[in-house]
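What follows is a short report on a single structure.
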Amino acid sequence: MATEAKGETVLVTGASGFIGSWLVRLLLARGYSVHAAVLNPDDKAETDHLLALAAAAGDEGRIRFFRCDLLDGAAMLAAVRGCSGVFHLASPCTVDLVLDPQVWYPASKALAEKAAWKFAEENGLDVVTVNPGTVLGEMIPPRLNASMAMFLRLLEGCKEEYADFFIGPVHVEDVALAHILLYENPPASGRHLCVEPICHWSDFASKVAELYPNYKVPKFPEDTQPGLVRAEAVPKKLMTLGLQFTPLEKIIRDAVESLKSRGCIA
Ligand SMILES: NC(=O)c1ccc[n+]([C@@H]2O[C@H](COP(=O)([O-])OP(=O)(O)OC[C@H]3O[C@@H](n4cnc5c(N)ncnc54)[C@H](OP(=O)(O)O)[C@@H]3O)[C@@H](O)[C@H]2O)c1
């Protein structure tokens, strides 16, 4: 891990995504050059918003695009060449399948992280993980990612009931910043839970309904195991690095306003 930000080049996989774009924005603002690994660099929907970020940072030359499929080792190698660090965010994550989040998604994340730890140990790599809850906030890319799509469905009156489902909302900017703070602090190690509160799905929905009574947010069955999952002290590791978590109310407002500005909701 490196400490010198200015002039340093880093790789961001999944750079065109919801969190990836925010990470690119913050990295550029801090003086980094970015290798942006995207599935298809010829697709303007993947690159234009990132080019706009570089232009806003005053230097389009500080972003370079790399065609990068995770299953293509040679492409990954080309993208990582010349970089002092890697922010690995790319992951298949579809809007449709998140309707049944219990099945494939957590398993894939757990297995991927386990594999990363094993690989790091065997190869002497310095790996740190960020484990966000449900990431919400202002969208930079043109398309909707899975967590914002789930939030949109809630506003539209979704009927899915996740029995005793807990949600750890966190602002997308906080997640991006968490990655950078960890990268810039070489002693950082291990896993980092990155959530603002952890609350029951029914409480989260109630808060959204309270702030935005004009939408059709349904009322969900309340927590049948109150107090079971409260982990207020867990994000402390990130807070000691200077991360101040955005309060829940602002997370919700930023997400709603972003969806509105895209015309997803009136
Ligand atoms: N959003 C959340 O609530 C949340 C919570 C916890 C963890 N995470 C993790 O955070 C990371 C980013 O999530 P996100 O919300 O920003 O999702 P996203 O907007 O869907 O971004 C994922 C990115 O990964 C790319 N990608 C997918 N499969 C790929 C492959 N085989 N090779 C290369 N790139 C590939 C996607 O490219 P295309 O756009 O071209 O498909 C996309 O740019 C993911 O690892 C996700 O699991 C997200």
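Here is how the numbers come out for the structure above:
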item: Set of lysines near LYS44 by C-alpha distance (under 19 Å), chain-local residues within fewer than 8 positions excluded; result: none
item: Residue-normalised accessible area of segment 1-90, expressed per residue, 1.4 Å probe, Å²; result: 46
item: Label-point separation, GLU60 to LEU125 (7 Å along Cα→Cβ), nm; result: 3.3
item: Cα-projected label distance for ARG191 with LYS216, points at 7 Å along beta-carbon direction, nm; result: 3.8
item: Given LYS159/LYS250; LYS109/LYS159; LYS207/LYS260; LYS109/LYS219; LYS109/LYS216, the pairs whose alpha carbons are separated by over 22 Å; result: LYS159/LYS250; LYS109/LYS159; LYS109/LYS219; LYS109/LYS216
item: Segment 112-187-segment 11-29 distance, computed between alpha-carbon centres (Å); result: 13
item: Positive minus negative residues near VAL170 (Lys, Arg vs Asp, Glu; Cβ under 12 Å); result: -3
item: Longest exposed-site-free window of the chain, the sites being trypsin sites (Lys or Arg not before Pro) in a DSSP loop that have at most 16 other C-beta atoms within 10 Å; result: 82-142
item: Structure-based [θ]222 nm, the chain - -39500 (n - 2.57) summed over DSSP H runs of at least 4, per residue, nearest 500; result: -12000 deg cm²/dmol
item: Nearest-ten-degree value, helix 248-261 long axis tilted from longest Cα axis of the chain; result: 80
item: Cross-link partners of LYS114 among lysines (Cα-Cα below 24 Å; sequence separation of 8 or more within a chain); result: LYS236, LYS237
item: Global form of segment 95-266, assessed from the alpha-carbon gyration tensor, a/c cut-off 1.5; result: prolate
item: Rounded to 10°, Cα long-axis angle of helix 172-183 versus longest principal axis of the chain; result: 40
item: Neighbour net charge for ALA78 - beta-carbon separation under 14 angstrom, K R +1, D E -1; result: +1
item: Rounded to the nearest 20 debye, dipole of the chain from Cβ charges on Lys, Arg, Asp, Glu; result: 220
item: Whole-number percent relative contact order across the chain, with pairs defined as alpha carbons under 8 Å at least 6 apart; result: 20
item: Computed label-point distance, nm, for sites GLU257 and SER206 using a 7 Å Cα→Cβ extension; result: 2.6
item: With Cα atoms, 0 to 90° folded angle of helix 18-29 axis to the chain main axis; result: 50
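The values are calculated or read from the model by the stated rules, or taken from the named source; none is laboratory data. Computed from a prediction, not measured in an experiment: that's the story for all the values here. A quick note on method: Cβ atoms are made from the backbone with ideal geometry, for glycine too, and the neighbour counts reach across all protein chains shown. What goes into the accessible areas is simple: the full protein's heavy atoms, side chains included, and nothing from ligands, DNA or RNA. Shrake-Rupley method; radii C 1.70, N 1.55, O 1.52, S 1.80 Å.
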